[in-house]
Structures are given as C-alpha cells and as structure tokens.
Amino acid sequence: MSAATPQRGTFAAADAVELAVVERGGFVESRHIGSAVVISADGDVIRELGDPRSPVFPRSTLKPFQALAAIASGAQLTPEETVLATASHQGTVEQARIVRGILAKGRLRISALKCPPAWPDDREARDELVLGGHGPLPIFMECSGKHAAMLLATAVSGWDRATYLDAEHPLQERVREVIQRMTGEHISAASVDGCGLPVYAVSLQGLAAGYARIRTTTHDSPWPLYRDAATLTDAVLAHPHLISGVGQPDAVLIEELGALAKVGAEGLLVAALPDGTTAAVKVLDGSLRPAAAVVVELLASVGAIDGPALARVRARLDLAVLGGGQPVGEIRVTAV
C-alpha cells in the first residue's frame, strides 16, 4: 500500500485517549488507550472520550442484533436458548446441552455448524471431551449458539442451510436490516468475523444506541422486532451466566446492574442500564482487561449508578495485578 492510499479502519491513536493504566508497585507498567461514549435512552451523548463516531467492528457485541434477526426469521427459542444465541460462551456442559437443543428443533446435526471446531474453555467439559476420546468440536466454539439459532431460522424459513455464512444469504440480509434499524446507522464496512459469519462496522455511538433500544423496549410495542428485543432482554437478565460464564465481566454487569451487557473481541464492551443509559468502549490495542472497569466508572461518572453499585462491580472484576500470587497493583481507570 502506497503512502498516498487512504487506509480504512477505526479511529487512530492520535484520536484516542488514555482509558486505564496497569500499575505494579506504584509504577505504571502499561497504558490502554481507546474511545468511549455514554448516551441517554434518547440517544443524546452524555459523555464521550476519544472518537466514538468513527466506525468499529463490534465483533461479538453484534450478537443481540444477530439473535433478533434469527428470531424474526422464525427461530422459536426458549429463554435459555435465546441467551445462547446471544452468547460468547465457555463451552460448559450446560451451554453445550442448550446448543444441542437448538439444533434438535431443526433436526440439525452438529456437523451443520459452520463455526470452527474448538476445545471448550470450561475445564469440566474439556475433561469430559478428552475422556470420551473426542477432539475439538464446533459445538464448543464460543459462537455456536448464534450459529445454531441461525441454522434453525434457515430450516424454518426453507432457506439454504449450507450457505448461511454468505453475506448474500437471506438471513444475513435480515441481520443487516436489524443492525441498521436498531443502531440508526448505515453499515460502513464489512468483513468476516472469527466464527466465519459476516461482521459489520458501525460507530460506538450507534452501537450504544442499538443496545439502549433493546434494553428499554417493552412487550407491548407495536413493532414485532421490539417485542422480540424485550423477550431477549428478559432472557439475558434471567440467565446472565449463560452469556459468557460465571464471573465474566459482562455477566457481572448483568447481575449487579440489570444491564444488557456484552463483550466483543478486540476490546469492545457495551452495557445498557434499565433506564437506557448506555456506555460503549473500544480499547484500541484490542485488550478487554480494562473494558468493564472503564464502562462502570463512566456510568458512575454521569450519575447513572451510585457508589455502592460501583463498588460491588469493581469488587467482582479481575482488576488486581499480582506479584508472587499476591496483589501488588491494579488496573486503574484514568479517563474518569
């Protein structure tokens, strides 16, 4: 690429701000820069850091929109199955069982999943797989719930199952429609996510607006998509551990704040509170370790959560820096 050729991408380092530091013994060992935004339920910007208007690939923070597209296309899911369709799961025995249940509804085999095979992150499930003489399987890939829900939607709708990953597939066209409707933005770029499905670029501000709409909609909305969004929110709030795993950052935000929260690869996290106040962050170096702390501190800084709630969340996040197995420092938010 020549120097004169413009490079597409997210915001540059010059447009970012320092979000957090990693301190060890009072010495700043690392610095995380990025952008973030807090919006109201009406979409008004309450606070912004860096450049939240440039596009980002939301990665797995797109999953609520993708799940809604599958549901709108005919995938009838139980609450637990709805969460798995939205999840980046750890491959626990329970989570794998629920994914199998989604596939069974469409009389689909595990081999129909087009996500890459993976070992479960969960130790119990991994041990069970090894003792059974199995290798990695696609059902244990963190995105298998989303893929299973999409496959069920294609089966119900009579669409081709073998090509559901293709951007031109009717289901993926519906995904784009849902993303654009909920975020209020046009998609600015597209590529392929780690699981093989299309991924679409929107801004942090648009991503936050989409989450706010999902979190604040009601079951009596005149619009079916919004009624489905209310059902999805109820499911996530009822089964927070299924969206990732016990003690994971997004699960903690759901449990402690009643937020619709989701992490995404490459440093993304979004959390929408019950009143619609929503924070979204992108850590520019792709690290997720400061993301939840940044989000919760931002929400506290605008008065959306109180001191006790902030303290409860911080106590459950993995913010300690260890030396010899003992705390010698912390991940500390500096942007607030």
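We did not get these values from a lab; they are worked out from the coordinates using the rules stated. Bear in mind the structure is a predicted one, so any value in this text is a computation, not a measurement. Reconstructed Cβ throughout: ideal geometry from the backbone, glycine too, with neighbour counts over all protein chains shown.
Miscellaneous remarks
- Thr277 long-range amide H proximity, modeled H, under 5 Å: Ala41
- Per-peptide average of other Cβ atoms within 10 Å, ordering 281-294, 125-138, 101-114 highest first: 281-294, 101-114, 125-138
- Size descriptor, Kirkwood hydrodynamic radius, that averages inverse alpha-carbon separations across the range 67-118, Å: 11.6 Å
- Amide proton proximity set for Leu284, modelled H, under 5 Å, gap of 5+: Ile33, Gly34, Ser35
- Here the relative contact order of the range 98-202, from alpha carbon pairs under 8 Å that lie six or more residues apart, stands at 24 percent.
- The HN-Hα couplings worked out from phi for the range 33-48 by the Karplus form 6.51 cos²θ - 1.76 cosθ + 1.60 (θ = phi - 60°) are 10, x, 9, 7, 8, 10, 10, 8, 4, 7, x, 6, 6, 8, 7, 9 Hz, whole numbers, x standing for Gly and Pro.
- Between 0 and 90°, nearest 10: helix 291-301 axis offset from the chain longest Cα axis: 60 degrees
- Counted charge near Val38, where neighbours are those whose Cβ lies closer than 9 Å (Asp, Glu -1; Lys, Arg +1): 0
- Between the labelled values [x] 20.9, 71; [y] 19.6, 61; [z] 18.3, 56, the entry that holds Rg and Dmax of the Cα atoms in Å as derived from this structure is [y].
- The Cβ shell under 15 Å around Leu319 holds other residues with a net charge of 0, Lys and Arg each +1, Asp and Glu each -1.
- Listed by Cβ neighbour count within 10 Å, with the fewest neighbours leading, Asp42, Asp51 appear as Asp42, Asp51.
- Debye intensity ratio in log₁₀ form over the Cα atoms of the range 264-307, taken at each q of 0.28, 0.31 Å⁻¹: -0.94, -1.05
- Average Cα contact separation per residue, the chain, under 8 Å, 6 or more apart, as relative contact order %: 23 percent
- Amide H contacts of Lys262 (H built 1.01 Å from N, in plane; Pro and chain starts excluded): Val270 sit under 5 Å, all sequence-distant by 5 or more or on other chains.
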